[in-house]
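Where a number appears in this text, it was derived from the coordinates with a stated rule and is not lab data. This one's a predicted model, so the numbers in the text were calculated from it and none came from an experiment. Here the Cβ positions follow ideal geometry from the backbone for every residue, glycine too, while neighbour counts run over all protein chains shown.
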């Protein structure tokens, strides 16, 4: 039996070369010990980390009159971030927002961007897995995940292999 774990605390994950992750050894032992109590006799139990799939997304934003491009881009970046904020809100790509096998839908992305004040319109020009060439995700409107995969977009220039978001703007001030 294979069980993938998506820990709430990122400290329970260890980064591997090439962008992969694995569970910290002590955490994996604790999880395995806990789950062993519930497993059926005759079945082996294999614990591993979820497979985090980095995404690459480019969005072109048309900023409305009377709004500053920089302010709108900063707010769109905040809304699409992977962060948790002091006011209790979380960004679109907050790690616990997506579960195993849950697709990223283009319509939800458009909804999040369109809700930002000052955005007249937006056009997603690239929507795919980070390491792969486009495979029709933009046309389908979804990046599909397999049962052990969870989408990831950290947008951290120091760790580009954890997903990247590029925003450009036209219009505005």
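Summary table
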item: Span from the the stretch 52-98 Cα centroid across to the the stretch 113-173 one, whole angstrom; result: 10
item: Rounded to 10°, Cα long-axis angle of helix 25-36 versus longest principal axis of the chain; result: 60
item: Ranking of 38, 98, 2 by count of other Cβ atoms within 10 Å, fewest first; result: 38, 2, 98
item: Spin-label proximity, residue 120 to the stretch 61-104 - amide N less than 20 Å from point 7 Å beyond Cα toward beta carbon; result: 61-77
item: Cα-based helix-to-principal-axis angle, 69-79 vs the chain, degrees rounded to 10; result: 20
item: Relative contact order (percent, whole number), the stretch 54-173, Cα cutoff 8 Å, 6+ residue spacing; result: 46
